[in-house]
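Engineer: Quick one: the structure is below, questions incoming.
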Amino acid sequence: MNFKKIIFSLFFLLIFSGLGSLQAQQYQISLLTCDPGDAIYSSFGHSGIRVLELTTGRDVVYNYGTFDFGAPNFVLNFAGGRLDYYLSVSTFDRFLAEYEYFHRSMREQVLNLNETQKLELIRFLETNYLPENRAYRYDFFFDNCATRVRDAVDSVLGDQLVWHDEAQENTDKSFRELIDEMVLYMPWSDLGIDIALGSRLDRDATPLEEQFLPKYMEESFARAGIQGDGPTRPLVTESRVILDFPIEKGSFGLMNPYLLFWIVAIVFTAITFIGFKKKKLFIGFDVALFGLVGLVGLVIFFLWVDSEIPSTKYNWNILWAFPGHLFLAIALIKKTIKPWVLKYLLFALIMADAAVVFWILGWQSFHPSLIPLLLVLILRTNYLYYNLGKFKQVV
């Protein structure tokens with residue numbers, strides 16, 4: 001009798017295990033990697049998880065890169081690190097149509113998951129998609145649309161996931177250099193990013209940290225393997241191109257900061273030389289220079305003090321773009337000057353020199369286009385410090 005019960009139990013166990021296997025085999029799960037777009041928010045590429053149900057044809061994409069442009073105070077919340085992104089789900093056809101419309105290439109890597117792992121990943125994504133779970137506080141470097149995908153796969157595989165990044169550990173690329181690769185031909189955006197982000201970005205990123213960029217995560221997935229549940233196997237079982245558009249040749253354009261700032265440097269050098277010869281200050285140029293630089297410093301100060309984004313802290317661009325320059329610009333307009341103005345000019349000269357030292361010593365890398373601007377600040381603060389009292393009364 002006991003023997004019959006054992007046979008009966010084994011029979012049903014085999015049936016249910018077979019049904020579980022059949023259920024999991026109905027799914028194909030893939031990593032989608034999309035190339036960068038023309039807009040700054042899309043210039044770093046995108047990642048998503050595709051889940052295809054083979055028996056019914058249901059084909060959806062889980063997308064952690066969704067945000068609402070129309071949200072209240074969108075710009076302030078984004079700059080202040082208080083913007084939430086959320087997980088959305090759309091049909092693959094709709095996801096594909098968007099990237100086809102904008103001529104952005106897309107590639108797919110089919111994940112080599114076993115039956116249990118597929119079901120666990122789908123369960124993880126569905127749990128994340130619950131209304132109370134789908135929103136998350138976005139961090140460009142450590143918690144974005146790419147890292148969320150990686151973390152989802154990592155949460156299912158755990159120690160079974162092996163990245164095989166040994167060959168990448170000596171690449172020595174900082175976070176700033178990784179960003180520069182993506183916005184090389186968007187010089188104004190590149191300049192803005194370099195001015196807004198602080199010295200923390202100048203440390204080398206580990207191979208795992210490089211995966212905040214979708215193209216690096218795609219490469220890491222291609223190298224990775226799965227172990228511990230049978231013979232070691234690659235994480236990706238198949239790779240294919242879904243959309244393929246030619247990459248346009250990049251160009252800095254005529255009006256770029258490199259050219260513009262050197263023109264500014266030449267102009268200020270000329271007016272300084274002419275002013276020295278003709279005993280004039282041409283103070284209007286300085287009011288414009290220090291006013292604009294002071295406004296930049298005000299933004300840097302806000303991002304350092306008020307923003308919740310860790311990467312905007314310890315930003316030594318504030319050495320040359322100091323908010324106090326706004327008060328200097330106002331003071332220079334007046335017919336008479338206070339004694340503090342000369343002291344402040346000496347302070348501004350020292351600060352600009354310190355910025356150069358910080359750059360040379362590698363404490364923070366500044367945008368290369370700023371070289372002529374730093375030279376102008378050093379030139380004019382020095383000139384005004386020694387000559388302002390000759391043309392205006394100090395009271």
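The values are calculated or read from the model by the stated rules, or taken from the named source; none is laboratory data. Computed from a prediction, not measured in an experiment: that's the story for all the values here. Every residue, glycine among them, receives a Cβ derived from its backbone with ideal geometry; neighbour counts consider all protein chains shown.
Engineer: Which one of these does residue 357 not meet: (1) surrounded by 18 or more Cβ atoms within 10 Å (Cβ to Cβ); (2) under 30 Å from residue 337 (Cβ atoms); (3) under 34 Å from the mean Cα position of the chain (by Cα)?
Structural biologist: (1)
Engineer: Being surrounded by 11 or more Cβ atoms within 10 Å (Cβ to Cβ) and not polar (S, T, N, Q) is the filter here; which residues of region 245-262 pass it? Steps first, please.
Structural biologist: So in region 245-262, the residues surrounded by 11 or more Cβ atoms within 10 Å (Cβ to Cβ) come out as 245, 252-253, 256-262.
The answer is 245, 252, 253, 257, 258, 259, 260, 261, 262.
Engineer: Report whether or not residue 143 is in contact with a His (Cβ under 9 Å, 6 or more places away or on another chain), at pLDDT below 95 and of a type in the set (Asp, Glu). I'd like the intermediate steps shown before the answer.
Structural biologist: Details: in contact with a His (Cβ under 9 Å, 6 or more places away or on another chain): no; at pLDDT below 95: yes; of a type in the set (Asp, Glu): yes.
Judged against the criteria, residue 143 is not a match.
Engineer: Another question, if that's okay. Being assigned to a loop (DSSP other than H, G, I, E, B), touching a residue at least 24 places away in the same chain (Cβ under 8 Å) and not polar (S, T, N, Q) is the filter; apply it to region 54-77 and report the residue that is nearest to residue 299 (Cα to Cα).
Structural biologist: 67
Engineer: Test of understanding: among 268, 302, 322, which residue is in a loop (DSSP other than H, G, I, E, B) and out of contact with any Pro (no Cβ under 7 Å at 6 or more places or on another chain)? Even if it seems obvious, please write down each step before you answer.
Structural biologist: Numbers: 268 fails: in a loop (DSSP other than H, G, I, E, B); 302 fails: in a loop (DSSP other than H, G, I, E, B).
So the residue among 268, 302, 322 that is in a loop (DSSP other than H, G, I, E, B) and out of contact with any Pro (no Cβ under 7 Å at 6 or more places or on another chain) is 322.
Engineer: Are there any pairs, at least 6 apart or on different chains, whose C-beta atoms fall under 9 Å, with the first in region 97-118 and within 19 Å of residue 42 (Cα to Cα) and the second basic (Lys, Arg) and modelled with pLDDT of 95 or more, and if so, which?
Structural biologist: From residues that are within 19 Å of residue 42 (Cα to Cα), the pairs are 98/104; 107/240; 108/50; 108/240.
Engineer: Further question on the same structure: Contact list please: Cβ distance under 8 Å, first residue in region 21-37 and more than 17 Å from residue 50 (Cα to Cα), second residue of a type in the set (D, E, K, R) and at pLDDT 95 or above, pairs at least six apart or on different chains.
Structural biologist: Listed pairs, sorted by first residue: 36/104; 37/104.
Let's see how each residue does on (1) surrounded by fewer than 17 Cβ atoms within 10 Å (Cβ to Cβ); (2) outside the structural domain of residue 221 (by TED's automatic domain parsing); (3) farther than 24 Å from residue 157 by Cα; (4) at pLDDT 95 or above:
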site: 95; (1), (2), (3), (4): no, no, yes, yes
site: 109; (1), (2), (3), (4): no, no, no, yes
site: 113; (1), (2), (3), (4): no, no, no, yes
site: 133; (1), (2), (3), (4): yes, no, no, yes
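Engineer: Okay, next question. If I filter region 285-298 for residues that are within 30 Å of residue 73 (Cα to Cα), of a type in the set (Phe, Trp, Tyr) and either modelled with pLDDT under 95 or touching a helix residue (DSSP H, G or I) at 6+ places or on another chain (Cβ under 9 Å) (or both), do I get at least one hit?
Structural biologist: Scanning region 285-298, I find at least one residue that is within 30 Å of residue 73 (Cα to Cα), of a type in the set (Phe, Trp, Tyr) and either modelled with pLDDT under 95 or touching a helix residue (DSSP H, G or I) at 6+ places or on another chain (Cβ under 9 Å) (or both), so the answer is yes.
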